[in-house]
Amino acid sequence: MKLFEDKISSAASRVRIALALKGLDVERETIGILGADAINRKPEYLQVNPQGLVPALLTDEGALLTQSLAIIEYLDERYPDPPLLPEKREDRAFARAVALAIAADIHPLLPPRVTTQLGAMGVGPEEVADWSRHWIRVGLTAVEELLVRRQAGRYSVGDTPTVADICLFPQAINAERNSFSLGQWPRVAAIVARLREIPAFADNGPVPRR
Ligand SMILES: N[C@@H](CCC(=O)N[C@@H](CS)C(=O)NCC(=O)O)C(=O)O
C-alpha cells in the first residue's frame with residue numbers, strides 16, 4: 001500500500017494513526033499542501049485524488065482510495081485486528097457520530113484552501129485566525145458535551161481506541177496549536193492525555209505548519 005500525505009495534515013494523521021494501530025507499514029509519498037511547495041493541485045496529484053486533498057491510499061490491489069474515514073473503514077474491513085469500530089451497533093453509531101462531528105463539521109472549516117480563500121477575499125490574518133478559533137471552540141464544545149453524556153470508559157467509546165479517538169486526537173492537537181488549552185474541555189483533555197500514552201497516536205499526530 002502507498003499513502004499520499006502531508007505530515008501537517010490532520011486528515012492524513014487519522015490514517016497514519018489507523019495504520020499504526022493495525023501495525024501496517026506502508027510506502028509514503030509527501031504531497032505538500034502549503035504555499036509554494038504545494039503539489040496537491042498539480043495535475044499529477046489530481047490523477048490520484050481529483051479533490052486535490054490528502055490523504056489518499058493506493059491499495060495492494062491497485063485501488064485509489066480517498067477520504068480519511070472511508071480509508072479507515074476500508075483498513076478496518078481488510079485488516080480487522082484490532083477493530084477500530086465498537087462491537088455494539090449503538091456504540092458504532094456513536095463512534096461514527098463523534099468522528100463525523102470532527103471530520104465533517106469542524107475540520108472542513110479550517111484547512112489551507114479555506115483560510116487561503118478568506119485571505120484572497122480580503123479577510124486579514126487576525127480575522128482568519130479568529131475564524132479558525134471560533135469553529136474549533138464551537139465544534140469541540142459540542143464534542144465535549146457528546147462525550148460527557150456518554151462517559152463510557154477510558155476513551156471516547158469504551159476502553160479501546162476507536163475511529164472517534166482517531167479523529168479527536170489530531171483535532172485536539174490542532175486546537176492546542178491555535179492557542180487553546182484542552183482544560184476547558186475536561187473530558188476531551190482526559191481522553192487525549194490517555195491517547196498520548198499510545199505510540200500509534202503520539203507518533204502520528206499532525207506536525208506543526210512550517
Ligand atoms: N474530508 C477529507 C478532508 C481532506 C482534507 O481537507 N485534507 C487537507 C489537509 S488536512 C488538504 O489536503 N488540504 C489541502 C487544501 O486545503 O488545499 C478527508 O477526511 O480526507
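The values are calculated or read from the model by the stated rules, or taken from the named source; none is laboratory data. Small disclaimer: the values here were computed from a predicted structure and weren't measured. Cβ coordinates were reconstructed from backbone atoms using ideal geometry, including for glycine residues, and neighbour counts include every protein chain displayed. When the accessible area is computed, the model is the full protein with side chains, heavy atoms only, and any ligands, DNA or RNA have been set aside. Shrake-Rupley method; radii C 1.70, N 1.55, O 1.52, S 1.80 Å.
One table, with the values for the structure above:
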{"read-out": "Flag for ASP91 being in a loop (DSSP other than H, G, I, E, B) and not hydrophobic (A, V, I, L, M, F, W, C)", "value": "no"}
{"read-out": "THR141 vs. criteria surrounded by fewer than 16 Cβ atoms within 10 Å (Cβ to Cβ) and among the hydroxyl-bearing types (Ser, Thr, Tyr)", "value": "yes"}
{"read-out": "Cβ-Cβ under 7 Å pairs, at least 6 apart or on other chains, region 126-150 side assigned to a helix (DSSP H, G or I), far side open to solvent by 70 Å² or more (accessible area, probe 1.4 Å)", "value": "GLY139/ASP105"}
{"read-out": "Test: residue in region 108-115 that is of a type in the set (A, V, I, L, M) and touching a Ser or Thr at 6+ places or on another chain (Cβ under 6 Å)", "value": "yes"}
{"read-out": "Hits in region 21-58 - residues which are open to solvent by less than 40 Å² (accessible area, probe 1.4 Å) and basic (Lys, Arg)", "value": "LYS22"}
{"read-out": "Candidate set: region 1-20, residues that are free of Cβ contacts under 8 Å to residues at least 60 places away in the same chain and open to solvent by 10 Å² or more (accessible area, probe 1.4 Å); chosen: the one nearest to the ligand (Cβ to nearest atom)", "value": "PHE4"}
{"read-out": "Output for region 153-176, where each listed residue is open to solvent by less than 20 Å² (accessible area, probe 1.4 Å) and farther than 20 Å from LEU21 by Cβ", "value": "ALA175"}
{"read-out": "Hits in region 125-142 - residues which are more than 16 Å from the ligand (Cβ to nearest atom) and either within 16 Å of the chain's Cα centre (by Cα) or not assigned by TED's automatic domain parsing to the domain that holds ALA189 (or both)", "value": "LEU140"}
{"read-out": "Search result, residues across region 76-124 that are open to solvent by less than 30 Å² (accessible area, probe 1.4 Å), within 10 Å of the ligand (Cβ to nearest atom) and farther than 18 Å from VAL148 by Cβ", "value": "ALA103, LEU110, PRO111, PRO112, THR115"}
{"read-out": "When residues of region 177-210 are limited to those that are more than 23 Å from PRO82 (Cβ to Cβ) and within 16 Å of the ligand (Cβ to nearest atom), the one least open to solvent (accessible area, probe 1.4 Å)", "value": "ASN178"}
{"read-out": "Residues being part of a strand (DSSP E or B) and of a type in the set (Ser, Thr, Tyr) - total across region 43-75", "value": "1"}
